[in-house]
1. Kindly state, to the nearest 0.05, the FRET efficiency for residue A:10 paired with residue A:44, given R0 = 22 Å and r defined as their beta-carbon distance.
2. Taking 0.36 nm per residue of sequence separation and subtracting the Cα-Cα distance, how much length would be gained by fully extending the chain between residue B:354 and residue B:127, in nm to one decimal?
3. Report, to the nearest 10°, how far helix A:26-36 tilts away from the longest principal axis of the Cα atoms in chain A, using its own Cα long axis and a range of 0 to 90°.
4. Can you bin segment B:170-251 into rounded, prolate or oblate? Criterion: square roots of the alpha carbon gyration tensor eigenvalues sorted a ≥ b ≥ c, rounded for a/c under 1.5, prolate for a/b above b/c, oblate for the rest.
5. Could you give the length gained by full extension between residue B:57 and residue B:266, i.e. 0.36 nm per residue of separation minus their alpha carbon distance, to one decimal place?
6. Taking every pair of distinct Cα atoms and averaging 1/r, then inverting, what Kirkwood hydrodynamic radius in Å comes out for the protein assembly as shown?
7. Classify segment B:1-113 from the C-alpha gyration tensor, please: rounded if a/c falls under 1.5, else prolate or oblate depending on whether a/b exceeds b/c.
8. Distance from the Cα centre of segment B:31-99 to that of segment A:264-283, in angstrom?
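What follows is calculated from the coordinates using simple rules that are stated; it is not laboratory data. No experiment lies behind these values; they were computed from the predicted model shown. Neighbour counts are summed over all protein chains in view; Cβ atoms, including those assigned to glycine, are modelled from backbone coordinates with ideal geometry.
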């Protein structure tokens, strides 16, 4: 039984600090390849750039289990050069523009440092100060002698920090899933074929997972992701009834989201597994959003699929907050699930 | 002259919010100790460094005022481990969502890493959902359990920006608090130059407190030290995204010499002549009524003190990514040293109106 030790934390830190904006996942891909190669029977980088790794079991009847975690993160693309080190940019993936002013970024594969500033409030009316700065008024500033290129990706320059029971980092969505999947791959079991998809472009349309499922042709699939925990107090002190998930309650099992009705047999299976093993879990509140499970479920002739997420606060912002205990319990739940999948799958048919 | 950049970086890496400037004052004092004859703290915390002139006593003195305090936040209330915050000085609320901050927890004496979180719109009153979310609705989150927060954090604890300075291409440094620690760095360059440059007048190198809130340090130090003249060093607006009006000036292309009713025209004229003579590039900054600096306070202290204001252009003022050209800081330091060195025994008598 693996736990979250210093080696796992170090890997997560490396993964969160790496830049991998959707469509340019190379930096995370290199880390993943290095980590999974020693354990893989087959590993390839597919046409879109996902890492697809298979670890075969030994038995005669092996369940083919696809586990998916997306490598990409939200970020920016440089779209025009305004001269003197100032660049226009567009967002890649769902970013609230109110998270951008005053942030440090890293541009391109060389990690050229830059900042997103705004005009001084001293020169503004009180009314103007309360208006959000639209994207087309913002620039990435790499300094007057700086040069980056149109087409370069940029991401937040946030450095991973620990704080008591939590981590503060960018791209916890979904590097924590990537780190979980790497750990699971290392300790795969003999009675399954573990098909690990470290997929690309989840944030802009679940593209990597779709073709990965076509390639793997799995019996069933679990998307390992990270979902918002909106467990914040309300301004008037009334009860928060739309928290989605809460930090500290364990892995969030999806029932239904904006794009998937998760396979009810798999939902029940995960709940029963958690209960049998004494692992805390929570059910993500049904609602909007979506994960790679949507794309996988609709692949081929249909694939039974479910999502499990580690909750995090402040999604798609420069810094998210997650609890190590939730990560540990997510890993424990998935390990236990892999152990129980062969008999469960046999009974499903 | 030694390279000032490492000192400037260390200056913006220590805390020192308005009213709690101690850590900054200690770091500056350590740097100045070998450059001045004596250092002391004023009753309200400003740092005074005296470098004696070579003239006959009683000597005239010039005060160079650079404020060392920083804007930031303060804990106003704690709810289930989340910290409500309020501003210390003129915070730009637009930069707060997603900002990396440090909570200076007095309950435990720790510096806690945290992030400022923006709640989803549906958690806010309808009037607060669009546009910039007001500081009253933002929450600082340490990631600690509520009971740990209750033990460690107190209402009133300071919250400062935590991002480290970044080197941008073209010898530009970006970070928080460059307004006004870059002026402290410029004054330090001046003191370094004065090691090999004779000066007759006494020099009071001053790092003032609480400029961002009330100019308390400027009032009190000017009163205590009673300099014959004073020069304030502060940031002005650099041209850049969102800033292109008449009040803005190019980054890295020279220093600002400010004129306006807070400032003595004779001193302003002398600084202009000197900059011309030394071929230090400069621009004229005009302030029709109020310069928004410690000069406002010093000018009206005691029986009135002739005051000048020199500036460096700074991009993105009052954000955590303020940007300044190191060259402008060095230029200011050199201009100050040359000016001090040019002061002769008769200078005071030449300060005239009309």
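1. Working: r = 27 Å, r/R0 = 1.21.
Once the sixth-power term is evaluated, E becomes 0.25.
2. Details: separation 227, 0.36 × 227 = 81.72 nm, distance 5.58 nm.
Taking residue B:354 through residue B:127 to full extension adds about 76.1 nm, to one decimal.
3. Helix A:26-36 sits roughly 30 degrees off the main axis of chain A.
4. On the way: a/c = 2.25, a/b = 1.46, b/c = 1.55.
Oblate is the answer for segment B:170-251, as a/c is 1.5 or above yet b/c matches or exceeds a/b.
5. Working: separation 209, 0.36 × 209 = 75.24 nm, distance 2.50 nm.
Length difference between fully extended and current span is 72.7 nm.
6. Working: mean 1/r = 0.0365 Å⁻¹.
For the protein assembly as shown, inverting the mean 1/r across all distinct Cα pairs yields 27.4 Å.
7. Values: a/c = 2.64, a/b = 2.35, b/c = 1.12.
Prolate shape, in that a/c is at least 1.5 and a/b is the bigger ratio.
8. Computed from Cα coordinates, the inter-centre distance equals 56 Å.
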